[in-house]
Number of protein chains: 6
Amino acid sequence: MRICVINPNTTVSMTDQIAKAAHSVAGPDTEIVAITPTMGPASIESHYDEALAVPGVLEAILASERSDRPADAYLLACFGDPGLDAAREIASGPVIGIAEAAMHAASMLGRGFSVVTTLSRTIGRAEELAERYGMAKNCRGYHACEIPVLELESNPRTAAILVDACRVAADHDRSDAIVLGCAGMADLARTISTDIGLPVIDGVAAGTLLLQSLITLGAQPGRRGELARPLPKIYTGILSEFGHHH
Amino acid sequence: MRICVINPNTTVSMTDQIAKAAHSVAGPDTEIVAITPTMGPASIESHYDEALAVPGVLEAILASERSDRPADAYLLACFGDPGLDAAREIASGPVIGIAEAAMHAASMLGRGFSVVTTLSRTIGRAEELAERYGMAKNCRGYHACEIPVLELESNPRTAAILVDACRVAADHDRSDAIVLGCAGMADLARTISTDIGLPVIDGVAAGTLLLQSLITLGAQPGRRGELARPLPKIYTGILSEFGHHH
Amino acid sequence: MRICVINPNTTVSMTDQIAKAAHSVAGPDTEIVAITPTMGPASIESHYDEALAVPGVLEAILASERSDRPADAYLLACFGDPGLDAAREIASGPVIGIAEAAMHAASMLGRGFSVVTTLSRTIGRAEELAERYGMAKNCRGYHACEIPVLELESNPRTAAILVDACRVAADHDRSDAIVLGCAGMADLARTISTDIGLPVIDGVAAGTLLLQSLITLGAQPGRRGELARPLPKIYTGILSEFGHHH
Amino acid sequence: MRICVINPNTTVSMTDQIAKAAHSVAGPDTEIVAITPTMGPASIESHYDEALAVPGVLEAILASERSDRPADAYLLACFGDPGLDAAREIASGPVIGIAEAAMHAASMLGRGFSVVTTLSRTIGRAEELAERYGMAKNCRGYHACEIPVLELESNPRTAAILVDACRVAADHDRSDAIVLGCAGMADLARTISTDIGLPVIDGVAAGTLLLQSLITLGAQPGRRGELARPLPKIYTGILSEFGHHH
Amino acid sequence: MRICVINPNTTVSMTDQIAKAAHSVAGPDTEIVAITPTMGPASIESHYDEALAVPGVLEAILASERSDRPADAYLLACFGDPGLDAAREIASGPVIGIAEAAMHAASMLGRGFSVVTTLSRTIGRAEELAERYGMAKNCRGYHACEIPVLELESNPRTAAILVDACRVAADHDRSDAIVLGCAGMADLARTISTDIGLPVIDGVAAGTLLLQSLITLGAQPGRRGELARPLPKIYTGILSEFGHHH
Amino acid sequence: MRICVINPNTTVSMTDQIAKAAHSVAGPDTEIVAITPTMGPASIESHYDEALAVPGVLEAILASERSDRPADAYLLACFGDPGLDAAREIASGPVIGIAEAAMHAASMLGRGFSVVTTLSRTIGRAEELAERYGMAKNCRGYHACEIPVLELESNPRTAAILVDACRVAADHDRSDAIVLGCAGMADLARTISTDIGLPVIDGVAAGTLLLQSLITLGAQPGRRGELARPLPKIYTGILSEFGHHH
């Protein structure tokens, strides 16, 4: 099976890191195709960035669907799950976001989890997604480490700061698990887990595995209602190519 | 004061109709600037269309903000409220969507309202917005008339079908008001209201008036948290202009 | 248009202040009629006070409705929104309360707001109203300044105490806006907003503007269900006049 | 112990019926004092009626409290639970409403119950109370028999209509119990229960027993927060006597 | 009437204490039958203990039902309410749990209460029950005193520690009442209440009284839906006797 | 890796069917160990059956944990997820139930799903679990086919009845997916899905795959709070062996 992991931002080194996280858990028969979009922001740290990451995400899915070997499923590897509903309309297989994947996985490990994210300004979106996924009751707290996305990799103190933030979050929230709030933290999940003695869920790994599961279940999206294919129509201006999705 | 009413789709005749609805309620000192975006779909009838309407909406706001006379507030005139959070980060004044405006207004007229919309596939988004705005309890039912957006104007039976749909909805849901689920229904609100004897809320008119109210209150968005200005960063590809928002 | 702003308590100086707040935002064609009831408590600081303010509120609406020039809409200018549902049954136009108005307005300015009120004993009622209006998720905290209603005007430290309370509330709750929890704080909204850099919503101003909006929308309450006119019947004792409402 | 059962309307025959329902379940050591207020509406079928029933309810409690032998607890015998919070501030013992009592009791007999009430216009209030008491999830449906309150006693078909309405409600809602939505239905609870084979809860009986329970528990209301005694203050006009509650 | 109070653990001295608490509030015509199960854990401090207490609870109910004089109602005297739904299927009269009883009773005394329990690891179960009973909004905090169940009686500092924990809980949560989170605290309710000036609810006493109330109401469980008698079937192994419940 | 799939009832043919469903999706490196408990009911169709299935489930987990090769994870293959919290305390790896697995999986395929189950009396438990897992909003309807569990296999009309029930459910609820409400329906998921054109989720397959995912993630349950190992203590009677879990 082939899973397309889309990094919604345009930073290639982050795509590489995401690909590594996906590979590290994928099954022997699973091919991971990691994509950097051709358009959009270098990182996603605001609603504005996220909204403008969506066209690149959708273009990547359309390209895959039109190719000789469409992916069997798609993972949106940014914790805002940008473009999730739209992606589900155009992909022939399942699509999930890493916030969705991580929250669901964490909820199966105990009653409550904490989200530890990058900048506090992104907490609103995390709250909104928790609400949407039915996880508002399970998510007992949102905590920011205040490291910008692209600094996660370069900052020598990232691991130490995150371990601290996760420990404080778990104690404060009486949590049974931690959810990491950024794809850029994927490589630290096991380290933090060992340090604090709680499961720490990275959405890239969780999402890859959940998609593998949905593919194995043969779960093709239904097309009778909300997720029917978009009606073909004229698109204008620099987005005109998006009208040719059918 | 100047209110910028953005039609998130690219159909000019629909922008004209939206402008008319806004003008019909605006105060004498309020200038309505109706905008058709330079990019995006001809109509919005799916999550895909909605997601791809957002760049055009944001571009229109950026253009206004960079102009000599920025608007004092912005109305997103599509019932999916596309790009609302992103718009709030870049606009210097208040931004609301017409679903938001209509639902809040309807909730002040009684305990329950019904939403009557175009295609049933859009109901999921309406439910999500009702949940987000705290209106899930107030919104007692979602009903589709199954007329596509761009046919609303041309179909000679639109008014009759909508009156019927609204009456059935109100009776079934024991509703105190009707919310119209598409900007393209704006001109029919008063007719339907007279026919069925209940308030019928069009979000374009409601949104224009609520923005006038927020401007008069002097309510400038706070910039301390979630709605701080997006950090400037590199944007790639056909969206590269969006990196220069500051 | 004519908006009747009812001060549910019997303190005339407070009615004057409320009238001033309403006037300061009303449109050029809007007449504000501020009413002090003929019966009821000097201030409202308990459920008992609030319950007993209701007959005076309803009497004022009945008097307006029976007059030559009934008001087009009514504002209940106490943060407990006393008698709201009853008022909606007897008024021919829209009726809203200032808690309702302020919470809805604040919710359109960001994801979360804080309520800053007078005595902490009134917080229970504010919570109940937030729940009713669908704002429980948006209202992130309730904070009391512990100044009694009638002391707000006379206490020289009111402004300073409120600025402090609002700043602490906003920081603690990560709020995007403040809602003032008493009509007697109306004159301080702009000062506090300037000081703390966040929108501060006074319900008297917000309510006046929202009623203007609802009147302009032509939104007459429906009479088919819950808000049908009360059935005429015999009222006994000192309330016997209330039986003649038809 | 002495329980004061207050009929919030002024119809003496209904007070008699309520007293009978309370007596039929009260313990041997419980004295039931049934009160008809000196002021207010002959029946309660609207928010207006309910709001204006409150002063009479509060006056009755004040009179009891000032008497030689204050009641140990108070039951508000109208399904809108009028004045509940205010009553709790001035009563020295527990106060509950019959909607509160019936809903709580029904919820202990299974997962879901249906409310069967008089006029459909009162359903909104029942929904609001279910929400307040945490019973929204348990209350699976609201059903009206469309018999006005004062006709319940005189209409020869009342029992037959109610049996039918309760059976239909139970089947439709898959309910484990029925809650009767009016004090005037108290005498029919056992008949209906026998007929439909489900527990049928009348709030007057349930409330009398729950108050007996709370008195036996020694549960005196706390006075530290929301339920502290109202501050004494000047009351104006025909309500001036209410200022002397201390 | 006869109420069977089942101590779900097998510690006889705790059954004695529970019996005393039930007796202290039961009416003159109420016979309390306190039962220690023949199987199960010595105390309940985990989900594991609770799950394995259930067979003993159900066996006790079956024994009562098969006896010459079945109890009229059953109280499950452990704060996890173990086996509640199953018990309701096999008992011919009402069954309630002490968490259920205490939470409902506390909710009738004001808007919010705090739960004070033994070990913090039991808080998750208390949260789940509050959610189930509709009390999540009313229960403002969960607090552990970290005294194991069987040490409550022997530890000389139990009373002092609990008074402190209850006072801190009430202040922190702005609560109107305290709910004690363990049957082993029953004897301390009045002392704590006197000390902190708030009602303190012990579920054993509350449950005894609520069952008395439900019996007096004649509330027999309905058998049409979820609570129909279990279908007879083969049970295997050491539990084979449980197949003979019919 | 080794996944222990526990059939909570004692019917061996059903264990075989469950094992088949698990095998059909398990990875090449996954060993499925299917267990029939030594004690408990032949099928689970009531709360009583479910409660009494729990000791057998826990015994099976204890046996595995004490063995030379403990399982890496456990699946509870009954739609009531019996003993889930208790199992999590004693298992060294993740434990999930099939209702949990199916509901989470279905929620990732669209906004709403329907549950189609065996007897309508089990719907209450399904509702409770949906609430617990945060899926109440996603689960749009519960539908019973009224075929008893052990008849699913023998009834020649099972497939036809289920296809019909699923189609009706999907249309009525506007659902994007179906969740099968019994492990005994596992073999029919693909047939139904093909027939109705929507994903149909069987919890045995979904749960096997989710556990594989959690094991691959290295997600060991945290032991700091609610899921700490049960304290060792004396167990009495036929359950005395359960005291030796440490």
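The values are calculated or read from the model by the stated rules, or taken from the named source; none is laboratory data. Please read all numbers here as calculations on a predicted model, not as lab measurements. Every residue, glycine as well, gets a Cβ built from its backbone with ideal geometry; the counts of neighbours run over all protein chains shown.
What the table shows:
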| quantity | calculated |
| --- | --- |
| Residue count, region A:1-46 (criterion: touching a Gly at 6+ places or on another chain (Cβ under 8 Å), buried (at least 23 other Cβ atoms within 10 Å of the Cβ) and of a type in the set (Ser, Thr, Tyr)) | 1 |
| Only one of F:ALA60, F:ALA51 that is out of contact with any Phe, Trp or Tyr (no Cβ under 9 Å at 6 or more places or on another chain) and not assigned by TED's automatic domain parsing to the domain that holds F:LEU129 | F:ALA51 |
| Residue satisfying condition, being in contact with a helix residue (DSSP H, G or I) (Cβ under 9 Å, 6 or more places away or on another chain), more than 14 Å from chain B (Cβ to nearest Cβ) and of a type outside the set (Asp, Glu), within set A:VAL57, A:VAL33, A:VAL95 | A:VAL33 |
| Subset of region F:61-118 [over 30 Å from A:SER92 (Cα atoms), within 11 Å of the chain's Cα centre (by Cα) and among the charged types (D, E, K, R)] | F:ASP81 |
| Every pair of residues 6+ apart whose Cβ atoms lie under 6 Å, when the first sits in region B:46-58 and is farther than 14 Å from A:ILE238 by Cβ while the second is at pLDDT below 95 and among the β-branched types (Val, Ile, Thr) | none |
| Answer from D:ALA228, D:ALA165, D:ALA183, D:ALA177 - the residue that is within 30 Å of C:GLU127 (Cβ to Cβ) and touching a Cys at 6+ places or on another chain (Cβ under 8 Å) | D:ALA183 |
| Residue within region F:13-23 that is part of a loop (DSSP other than H, G, I, E, B) and of a type in the set (A, V, I, L, M, F, W, C) present | no |
| Residues located in region F:176-233, provided they are more than 9 Å from every other protein chain (Cβ to nearest Cβ), among the β-branched types (Val, Ile, Thr) and over 16 Å from F:ILE98 (Cα atoms) | F:THR191, F:ILE192, F:THR194, F:ILE215 |
| Which listed residue, of B:SER107, B:SER120, B:SER114, is within 10 Å of chain C (Cβ to nearest Cβ) and farther than 21 Å from B:ARG223 by Cβ | B:SER107 |
| Flag for F:ASP68 being in the same structural domain as F:ALA26 (by TED's automatic domain parsing), among the acidic types (Asp, Glu) and in contact with a Gly (Cβ under 9 Å, 6 or more places away or on another chain) | no |
| Helices (runs of 4 or more DSSP H) contained in region C:154-246 and holding at least 1 residues surrounded by fewer than 20 Cβ atoms within 10 Å (Cβ to Cβ), among the charged types (D, E, K, R) and in contact (Cβ under 8 Å) with a residue 24 or more places away in the chain | C:158-173, C:189-196 |
| Elements of type strands (runs of 3 or more DSSP E) in region B:47-144, at least 1 residues being surrounded by fewer than 22 Cβ atoms within 10 Å (Cβ to Cβ) | B:139-144 |
